[in-house]
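Worksheet for the structure shown next.
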Amino acid sequence: MALPPGVLGAATTHMSAPGSSSSPATPTRRGTELALLGFGLGLVVLAFVLISENQSQKLKPEILLYIAGYAVLFGVAHLAVRKFAPYADPLILPCAGLLNGLSIAMLYRLDPALAQLALESGHGYSNAAPKQLLWTALSLVAMVAVLWGVKDHRTLSRYGYTFGLVGLVLLVLPGVLPCSISCVGGAKLWIIIGPVSIQPGEFAKVLIILFVAAFLVSKRDLFTIAGRKVLGLELPRPRDLGPLLIAWAIAILVLMIETELGASLMFFGTVLAMVYLATERSAWVWIGIVLFMGGATLADRMFVHVQQRVANWIDPFADRGDTGYQMVQSLVSLGSGGMAGAGLGAGHPELVPVVSSDFIVTAFGEELGFIGLAAMIVIYMLLALRGLRSGLAVRDTFGKLLAGGLSFLLMWQMFVVIGGVSKLIPETGLTAPFLSAGGSSLLASYVIVALLLRISDAARRPQASRPKPQAPIAEASTVLVERPT
């Protein structure tokens, strides 16, 4: 018998002695959160002032409406966290809020330039900044609703298979709908009904992570029983590869019916990362890499759009006037920003196609430079690391895997986005969480924030005030592994 080192095999830690409880004087650190939100507000105000000065040489009165709206929204969000998750990590909401605020400021900066380009081309344009502020309000309402409705994250493990089924339906639904109500830019990712458009895949990724976390706990034997050793690597038994093969097949299916590389990459990469978090067995990673390489080769042979994206990645200048135009403009924009950037409102990021959504990172790179973009990446990393820290501190295995999966998703998505716009990897069309214009992405991102806040609150809450276990499956912590003879 041996005890595996992974999350599924980790014994529960930080448990109090029988009859004892944690000190009720545990600090909530809500004052720290409020101070950080105030600091973030100051940076957002500075961003609006710089944009207004660089664009019109005077302060525009409408920026006060954006600043006031932003301050009120996150002030209310702070009060909600103080009430419903008083022991939550104090850095998670400020990090998300700062990124969100910078997004509204950048969209405010882009709106006049994009409106002028639309007028010159004979098209209409609707300002994105007011919409983003409205979506921020709706997203924070969703965040508060999750905090209020989910008193104990462990109860979510009861509905793991339901979440998985709904998530799968949402993931593939746009692909089976007519292109007239699902196609944007050649990818079938949307459901468009009149003026309303929804991207179901953004919500599917959260539901699938909930399912995978519950599945890994309930079916842990599939992943922890060691198989044969080959070249010093303990491979899983062939019959235990089923879940990973199913995830791989679903990723290929999504790629086939939706012609979207990003959604497939996010789905398979996140599932693979959670399997590794659960087991810490490198064999699963190597098997996943082999499956990914096989799937990538298959996709490159079968799908024209994948071939085109790979060609644009290898040499976008070969067709810079057509298919490579977007990537060329992105590289020129990032290059013109240099180390320190042109300054907010002083560059020309509007020349990059879809700069308000898929390529908004390019706009920040041009006007804030490498230093500013690196600082934003640090904020993302800090947000993800605080989520991982909460996962390490929480006592139940389901919470550990859920926090780990959600945190990895944020890091993985930003790596794919930044790698795509900088030509490090083929461009996938994914949106940057909290930055890109659009309601679906913002709503899903704040649901992730709410779940991380709930898990971190459970990790820091005094023992005496903890809710009683609601889902026995989520309490599984110690696993013994039998090596076949």
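Since every read-out is calculated from the coordinates, none of them should be taken as a lab result. Just so you know, these numbers come straight off a predicted model, no measurement behind them. Virtual Cβ from ideal backbone geometry, glycine too; neighbours counted across all protein chains shown.
How far apart, in nanometres, would the label points at A71 and V285 be if each is projected 7 angstrom from Cα along the Cα-to-Cβ direction?
4.7 nm
What is the calculated FRET efficiency for Y125 to Q463, with r their C-beta to C-beta distance and R₀ = 35 Å, to the nearest 0.05? Could you put the intermediate results ahead of the total?
Numbers: r = 56 Å, r/R0 = 1.59.
The value I calculate is 0.05.
Compute and list, largest first, the equivalent-ellipsoid semi-axes of region 93-191 from the alpha carbon gyration tensor, each √(5λ) rounded to a whole angstrom.
For region 93-191, the semi-axes come out at 33, 24, 9 Å.
Going 7 Å from the Cα of S218 in the Cα-to-Cβ direction, what parts of region 391-419 have a backbone nitrogen less than 20 Å from that spot?
It comes to 396-406, nothing else.
Order of K205, K400 from fewest to most other C-beta atoms within 10 Å?
K205, K400
Which of the lysines could be linked to K205 by a straight reach, that is with a Cα gap under 27 Å, when you skip same-chain ones fewer than 8 residues away?
K131, K151, K188, K219, K400, K423
Could you line up S56, S440 from fewest to most neighbouring Cβ atoms inside 10 Å?
S56, S440
Mind ranking 141-151, 407-417 by how tightly packed they are, going by the mean number of other C-beta atoms within 10 angstrom, highest first? Don't jump to the answer; show the numbers that get you there.
On the way: 141-151: 17.3, 407-417: 21.5.
The most tightly packed comes first, giving 407-417, 141-151.
From Cα coordinates alone, what are the radius of gyration and Dmax values for region 26-157 in angstrom?
For region 26-157, the Cα radius of gyration and maximum Cα-Cα distance read 17.5, 61 Å.
Around G420, what is the net charge, scoring Lys/Arg as +1 and Asp/Glu as -1 over all other residues with Cβ under 11 Å from its Cβ?
Charge balance in the 11 Å sphere: 0.
If you bin the C-alpha pair distances of region 28-94 every 10 Å from 0, what whole percents do you get?
Distribution as computed: 21, 41, 23, 12, 2 percent.
Name the long-range amide H neighbours of V184: under 5 Å, sequence gap of 5 or more, or other chain; modelled H, no Pro or chain starts.
L189, W190
So how do H305, H153, H78 line up by other beta-carbon neighbours within 10 Å, fewest first?
Ranking H305, H153, H78 by Cβ neighbours within 10 Å, fewest first, gives H305, H78, H153.
Which cross-chain or sequence-distant (5 or more) residues have an amide H under 5 Å from the amide H of S197, H modelled 1.01 Å from N in plane?
When sequence neighbours closer than 5 places are left aside, there are no close amide H contacts.
Once R0 is set to 30 Å, what does the formula 1/(1 + (r/R0)^6) return for the Cβ-Cβ distance between D319 and I257, expressed as a FRET efficiency to the nearest 0.05?
0.65
Enumerate the calculated ³J(HN,Hα) couplings along region 52-66 in order (Karplus 6.51 cos²θ - 1.76 cosθ + 1.60, θ = phi - 60°), each rounded to whole Hz, writing x wherever the residue is Gly or Pro.
Residue by residue, region 52-66 yields 5, 5, 6, 8, 10, 6, 7, 7, 7, x, 5, 5, 5, 5, 5 Hz.
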